[in-house]
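Just below is one structure, and these are the notes that go with it.
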Amino acid sequence: MIFSYSKTGSGFMDAPVLTYVGEICEPSLRGILISYSLQFCSAGFFLQCLLGSVTTWRNVAFISLFFPATAFLCISQIPETPMWLLSKGRTRDAEKALCWLRGWVSPEDVAEEFSRLVEASNNAQYRHQTETKKTEANSHQGNTQSIVTCPSSRPPVPDPLVELHSPKLSFREKARDLLRPEILRPMLVIMTMNFFYLGSGFPAFKTYMVLLFQRIRVPMNANWASVCVSSAIIIGHLVLMLAVKWLGKRRIALISIFCVAFFDLAIAVHVNFQTAIEDAFGASANWFLFSYFIILTLTVSFGLGPVPWMLMSEIFPFRGRSFASGICAALYYITSSLIAKTFLSILNLLGVPGSYCLFGTVGMLGFIYAYLYLPETEGKTLEDIEDIYKHSHRQRR
């Protein structure tokens with residue numbers, strides 16, 4: 001029950017936070033700042049493991065109340081994103097929000113950026129109105145030749161002081177919106193990448209790593225071994241922060257997935273021949289095995305784990321972003337809960353070697369998928385990313 005409550009809280013939090021960060025960042029800083037926000041998640045996990053090693057779980061739960069309460073007070077002081085305010089016709093508030101987000105500057109200092117945001121908002125509304133007219137024409141006249149068209153392919157550049165307003169979509173319209181290529185295709189990419197992350201076994205391993213470490217006889221106290229693993233998560237996210245602008249998300253994901261598959265298989269082989277390896281290398285053999293888990297943790301935290309969430313903050317068009325992100329986050333947490341519930345059954349059925357052989361096989365399939373279908377989004381504007389999925393499903397740039 002407690003596990004379900006924690007998953008529910010995370011599901012409410014993750015998608016809105018990452019979407020917010022993605023909308024307020026400049027393209028050149030988006031990857032770094034999103035990975036920076038993920039770093040706090042890994043720091044929280046480390047703190048929970050550390051506290052769990054020195055006190056009871058009840059005390060850990062009580063101490064943990066401080067952090068969401070503090071976060072609630074802090075979040076209540078930040079403004080809505082300028083793009084969201086523009087979509088609601090609140091242009092003045094959007095300008096004030098942008099000034100606040102850029103460091104309490106004057107409107108003149110953000111005039112150029114604000115004009116681009118207004119133009120992007122106006123373009124999104126224009127596309128929505130055009131698609132609505134086409135749909136209405138098709139439904140009334142029954143053929144594609146009678147589609148209503150507009151005299152120009154793009155709307156005029158708007159005056160930043162003009163109050164814009166995007167009509168509120170009904171739930172049915174939002175659901176139909178999910179079938180647009182620029183939403184459906186990135187949703188499939190994110191859900192598939194999350195599947196390969198969950199299929200790597202790492203999320204479930206984090207839940208049961210103390211029990212697993214006791215089972216495979218790691219050469220230290222299992223609780224403190226979990227602290228070492230959580231420290232490796234922090235290091236992995238830190239490396240991601242430093243490398244994402246240089247390598248890009250696509251290359252990072254490919255490196256990470258390949259290493260995850262390799263070390264999953266290495267763990268499977270080592271545990272399968274653990275007795276023989278211990279006879280050959282003595283007590284140091286189990287240190288080798290423990291190092292495999294540490295390196296696996298580093299490589300997962302470097303790419304396969306955070307990259308889908310980073311993409312979720314930027315890969316969807318503004319219209320439909322919150323709805324699509326919420327669906328992806330909900331499906332992730334539902335699947336994560338199911339895998340966590342069945343992880344011990346899989347271990348008992350296949351054993352540790354068989355289970356990690358399965359995880360490694362899933363990782364190899366994930367590498368092939370990412371190579372074929374994962375685009376590079378680092379440094380691109382949100383409109384450029386939308387165009388990638390609007391015009392082509394397979395992008396290897």
Taking a point 7 angstrom from the Cα of Tyr208 along the C-beta vector, which residues in the stretch 229-254 have backbone N less than 15 Å away? none
Among 319-331, 100-112, the order from most to least packed when residues are scored by Cβ within 10 Å on average: 319-331, 100-112
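Taking the Cα centre of the stretch 193-279 as origin, work out the dipole magnitude from +1 charges on Lys and Arg Cβ and -1 charges on Asp and Glu Cβ, in debye rounded to 20.
Values: 7 positive and 3 negative charges, 95 e Å.
The dipole of the stretch 193-279 has a size of about 460 debye.
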Vicinal HN-Hα couplings computed from phi for the stretch 217-223 (Karplus, 6.51 cos²θ - 1.76 cosθ + 1.60; Hz; Gly/Pro x): 6, 5, x, 7, 4, 4, 5
Take every Cα pair under 8 Å in the stretch 232-308 that's 6+ residues apart, average their separations, divide by the length, and report that relative contact order as a whole percent. 58 percent
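Any read-out appearing in this document is the output of simple, stated calculations on the displayed coordinates, not a laboratory observation. Predicted, not measured: the structure shown is a model, and the values here were computed from it. Here Cβ is always computed from backbone atoms with ideal geometry, including for glycine, and neighbour counts include all displayed protein chains.
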